[in-house]
2 protein chains.
Amino acid sequence: MASSMVAPRAFIQQQNLVEQVADYLTQAIIQQHFLPGERLSEVQLSRDLGVSRAPVREAARLLESRGLLISKPRRGFFVRALNAVELEDVFDLRLCLERHAIDRLAERYTPEAQRALKQQVEVLCEAAAGNDGTRRIEEDLQFHRLMLHYAGNERLLRAFDDLTHELRLCITLITKTHEAPDTIATSHFMLLDALNSGSPAECREAIDYHIGVARKFVVKGVGETGDSSDEDSADEDVLSR
Amino acid sequence: MASSMVAPRAFIQQQNLVEQVADYLTQAIIQQHFLPGERLSEVQLSRDLGVSRAPVREAARLLESRGLLISKPRRGFFVRALNAVELEDVFDLRLCLERHAIDRLAERYTPEAQRALKQQVEVLCEAAAGNDGTRRIEEDLQFHRLMLHYAGNERLLRAFDDLTHELRLCITLITKTHEAPDTIATSHFMLLDALNSGSPAECREAIDYHIGVARKFVVKGVGETGDSSDEDSADEDVLSR
DNA sequence: CGATTGCCGACTGTCGACAGTTTTACCTCA
DNA sequence: TGAGGTAAAACTGTCGACAGTCGGCAATCG
């Protein structure tokens with residue numbers, strides 16, 4: 001995985017079955033090997049992966065907290081299916097988080113942050129030129145993650161990471177519609193320019209535009225596939241507690 | 001609910017052991033029966049609660065995702081201890097979420113929302129007059145949760161709920177400093193007035209002031225207890241992934 | 001006397017098994 | 001042929017057990 005980064009201990013990490021299972025499930029869901037709404041059998045999974053049910057269950061709970069799975073008592077785990085409204089909500093929250101992040105970032109735009117972001121945009125442009133759609137998405141998300149990181153609020157970053165799992169889900173789910181490499185490049189350079197200008201208003205405008213474009217892309221896509229995921233859950237669960 | 005906490009009680013109802021254990025742990029942590037940084041033994045807990053280790057582990061993972069526990073591989077689960085910086089981050093994220101929420105709420109301020117919020121403020125005022133500090137906090141949080149709810153973004157509400165667990169943790173941890181009932185009342189009526197005015201700027205100002213006050217209260221409190229929770233984790237885990 | 005090494009207890013990670021429940025398949029009957 | 005009921009199959013929730021690992025303590029060595 002590219003550049004400097006902190007060498008993440010490539011040593012033997014044969015442990016952590018839970019995490020391994022979670023990674024496997026995440027990949028499988030994103031790559032549509034499990035369809036939205038599909039039921040996951042614990043025994044089936046444990047057989048396939050050659051582990052017992054305990055780590056599978058714990059991994060499933062982890063994915064549930066990340067919004068990729070939904071558990072129904074006595075029924076098991078189901079792949080999360082986002083409907084149009086939920087999709088809008090995800091992008092609205094993303095807008096909320098990134099607006100705040102870019103506000104903070106503009107106040108503490110260190111040369112290090114500037115350099116890192118610029119480099120990441122270059123990596124992204126390179127990825128956009130290639131054919132690997134998944135990598136393009138990952139580099140794009142990584143750019144935004146860097147923005148959140150340099151905004152200097154760990155908790156804010158965690159909220160973004162939580163959201164990213166769902167974001168990745170619905171983005172990958174749609175990504176037949178390829179954005180042109182130029183569009184991606186200019187769209188991100190606009191953000192850098194806004195940050196360089198130091199004007200909060202300009203930053204706000206840039207991020208609103210940026211996310212608005214992404215939102216349109218995905219929402220348009222989901223209109224085609226159009227899954228609603230509603231079955232019997234007619235009642236509202238809000239307001240409880 | 002009572003103070004007889006040490007006695008673990010065989011409140012073993014039939015189903016949903018995980019949720020019951022999670023609730024028990026949450027209460028125990030908030031009420032400081034487990035101190036920040038303390039290690040939780042799975043076998044001890046399972047013995048005390050009269051259940052096996054599986055539901056305890058799953059509940060612990062749930063609390064970990066809520067930020068109340070931290071798991072160290074091969075070491076077990078530890079009660080989360082927030083240092084001053086993390087506390088600031090929590091309130092900064094809260095500000096981020098509530099700003100966005102009040103913006104949206106101002107755009108769709110239905111009579112129903114208006115009525116519900118007003119009623120909740122009254123409940124809060126009543127609670128503030130009483131002696132039960134925990135209830136006052138809960139009613140306060142419930143008011144803000146209602147704001148988020150009527151903002152009409154389920155995902156935003158979920159992010160707030162996630163944050164609330166940590167918020168509750170550090171608020172309750174500090175709450176020797178009682179806010180005066182009048183202060184609480186006026187502080188919330190200001191929010192209602194701002195919403196009634198329909199002015200986004202006024203709403204923004206009100207929520208900034210409101211959360212700023214709460215933040216000062218809590219941060220001041222943590223300065224006294226002053227736990228840092230840092231031990232050996234000198235390395236940064238950000239930027240990974 | 002201080003540092004190192006080996007041992008011991010405690011604990012976590014994981015597993016296979018059992019009981020209760022839900023789903024499904026089949027069989028009967030109108 | 002379709003509807004309804006019943007029994008089997010499959011699955012989840014939970015449990016107790018085993019193995020590998022971690023931290024502490026004591027004995028040993030410099």
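Here are a few things to note about the model shown:
- Tally, over the stretch B:69-85, of residues that are more than 16 Å from DNA strand C (Cβ to nearest atom) and crowded, with 20+ Cβ neighbours inside 10 Å: 1
- In the stretch A:147-168, residue nearest to the other protein chains (Cβ to nearest Cβ) [restricted to those that are open to solvent by 10 Å² or more (accessible area, probe 1.4 Å) and within 21 Å of A:Phe189 (Cβ to Cβ)]: A:His149
- Tally of residues being not small (Gly, Ala, Ser) and not in a helix (DSSP H, G or I) across the stretch B:53-110: 17
- Residues (touching a Ser or Thr at 6+ places or on another chain (Cβ under 8 Å) and either within 14 Å of chain B (Cβ to nearest Cβ) or buried (at least 16 other Cβ atoms within 10 Å of the Cβ) (or both)) located in the stretch A:34-54: A:Pro36, A:Ser46, A:Ser52, A:Arg53
- Cβ-Cβ under 8 Å pairs, at least 6 apart or on other chains, the stretch A:71-100 side within 23 Å of A:Gln27 (Cα to Cα) and within 16 Å of DNA strand D (Cβ to nearest atom), far side small (Gly, Ala, Ser) and in a loop (DSSP other than H, G, I, E, B): A:Gly76/A:Ser41; A:Phe78/A:Gly37; A:Val79/A:Gly37; A:Arg80/A:Gly67; A:Arg80/A:Ser229
- Residue match in the stretch B:4-22 (condition: modelled with pLDDT of 90 or more and over 24 Å from B:Ala81 (Cα atoms)): yes
- The set of residues from the stretch B:18-52 being within 20 Å of the chain's Cα centre (by Cα) and outside any helix (DSSP H, G or I) comprises B:Gln31, B:Gln32, B:His33, B:Phe34, B:Leu35, B:Pro36, B:Gly37, B:Glu38.
- Being at the interface with chain A (Cβ under 9 Å from one of its Cβ atoms), closer than 25 Å to B:Pro181 by Cβ, buried (at least 18 other Cβ atoms within 10 Å of the Cβ) and not aromatic (Phe, Trp, Tyr) holds for only one residue in B:Leu117, B:Leu124, B:Leu95, and it is B:Leu95.
- Under the condition of being more than 9 Å from DNA strand C (Cβ to nearest atom) and of a type outside the set (Gly, Ala, Ser), the residues counted in the stretch B:32-55 number 11.
- Cβ pairs under 6 Å, 6+ apart, first in the stretch A:47-65 and touching a residue at least 24 places away in the same chain (Cβ under 8 Å) and within 11 Å of A:Val18 (Cβ to Cβ), second assigned to a helix (DSSP H, G or I) and near DNA strand C (Cβ under 8 Å from one of its atoms): A:Val51/A:Leu17; A:Pro55/A:Leu17; A:Pro55/A:Val18; A:Val56/A:Ser46; A:Glu58/A:Val18; A:Ala59/A:Val18
- Of the candidates B:Val85, B:Val90, B:Val79, the single residue that is of a type in the set (A, V, I, L, M), over 15 Å from B:Asp162 (Cα atoms) and in contact with a helix residue (DSSP H, G or I) (Cβ under 7 Å, 6 or more places away or on another chain) is B:Val79.
The values are calculated or read from the model by the stated rules, or taken from the named source; none is laboratory data. Being a predicted model, the structure only gives us computed values, none of them experimental. Every residue, glycine as well, gets a Cβ built from its backbone with ideal geometry; the counts of neighbours run over all protein chains shown. When the accessible area is computed, the model is the full protein with side chains, heavy atoms only, and any ligands, DNA or RNA have been set aside. Shrake-Rupley method; radii C 1.70, N 1.55, O 1.52, S 1.80 Å.
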